Amino acid sequence: MMPPTDDSLRPDIIRRARQGERAAMEAIVRRYQAPVRSWVAAHCPPGGDADEVAQRTFVAAFTRIGEFQEGTDFGAWLFAIARFQLLTEITRLRRLADYQTRYGRDLLSRELERRAQEPDEATAARLHYLRECLEALGESGRQFIAWRYTDGLPLQEMAARTGRSVAAIKKQLWLLRQKLQQCIEGKLAAEGGVVS
């Protein structure tokens with residue numbers, strides 16, 4: 001829905017803007033900047049740049065001001081451009097989200113694999129101790145860790161498999177992570193390594 005317009009600009013200002021007069025264009029921006037920005041901000045989805053959309057609206061309007069028909073509602077014409085610019089921004093955000101959905105996990109996975117294959121000395125020590133500490137957890141603890149972090153099981157699925165509540169599963173995982181962290185830090189401290 002487009003906002004109601006109150007076209008209080010004098011027709012000569014629009015005419016002068018069509019002729020390229022800078023002062024007339026500035027008058028148009030002063031008149032419509034707040035309403036256009038407010039409308040765009042109210043309709044812009046999360047992650048969208050309302051200021052950029054409003055800016056592109058004015059750039060497009062002045063680029064195409066020759067297409068404006070005198071005697072019609074300039075505000076309605078301007079807000080139609082704002083709507084088009086907002087739709088363009090929404091399309092951009094959808095493409096970005098689609099890209100991230102398709103490729104984000106893959107890129108993250110590749111980066112994690114690369115880092116795992118070329119660990120620095122401190123990371124290599126932590127990974128070595130993590131393996132040792134996982135062995136010390138026992139079968140039940142390792143199963144919880146594997147379900148969550150290897151298989152990626154949702155908490156609800158883990159709860160269903162064990163007959164426990166989701167809250168109990170969260171607490172169990174938290175305790176296991178704490179135990180692993182303390183174990184790794186203890187081994188690093190005993191070795192004289194840096195505990196971070």
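Descriptive notes on the structure:
- When Ala82 is tested against (1) touching a Phe, Trp or Tyr at 6+ places or on another chain (Cβ under 9 Å); (2) of a type outside the set (Phe, Trp, Tyr); (3) under 17 Å from Arg10 (Cα atoms), only condition (3) is not met.
- All of (1) among the acidic types (Asp, Glu); (2) in contact with a helix residue (DSSP H, G or I) (Cβ under 6 Å, 6 or more places away or on another chain); (3) surrounded by fewer than 19 Cβ atoms within 10 Å (Cβ to Cβ) hold for Glu89 with one exception: (3).
- Hey, Ala41 of a type in the set (A, V, I, L, M), closer than 30 Å to Arg16 by Cβ and within 25 Å of the chain's Cα centre (by Cα) or not: yes
- Of residues in the range 147-161 being over 22 Å from Ser109 (Cα atoms) and not aliphatic (A, V, I, L, M), the one surrounded by the most Cβ atoms within 10 Å (Cβ to Cβ): Glu157
- Residue match in the range 80-93 (condition: closer than 30 Å to Arg16 by Cβ, of a type in the set (Gly, Ala, Ser), touching a residue at least 60 places away in the same chain (Cβ under 8 Å) and out of contact with any strand residue (DSSP E or B) (no Cβ under 6 Å at 6 or more places or on another chain)): yes
- Selected residue [touching a residue at least 60 places away in the same chain (Cβ under 8 Å) and either of a type in the set (A, V, I, L, M) or surrounded by 11 or more Cβ atoms within 10 Å (Cβ to Cβ) (or both)] from Gly75, Gly20: Gly75
- Reported count of residues in the range 152-196, each being acidic (Asp, Glu) and under 28 Å from Ala122 (Cβ atoms), is 2.
Rule-based calculations on the coordinates, nothing more; no lab input. Note that the coordinates shown come from a computational prediction; the quantities given were computed from them, not determined experimentally. As a convention, Cβ positions derive from the backbone with ideal geometry for all residues, glycine included, and neighbour counts pool all protein chains shown.
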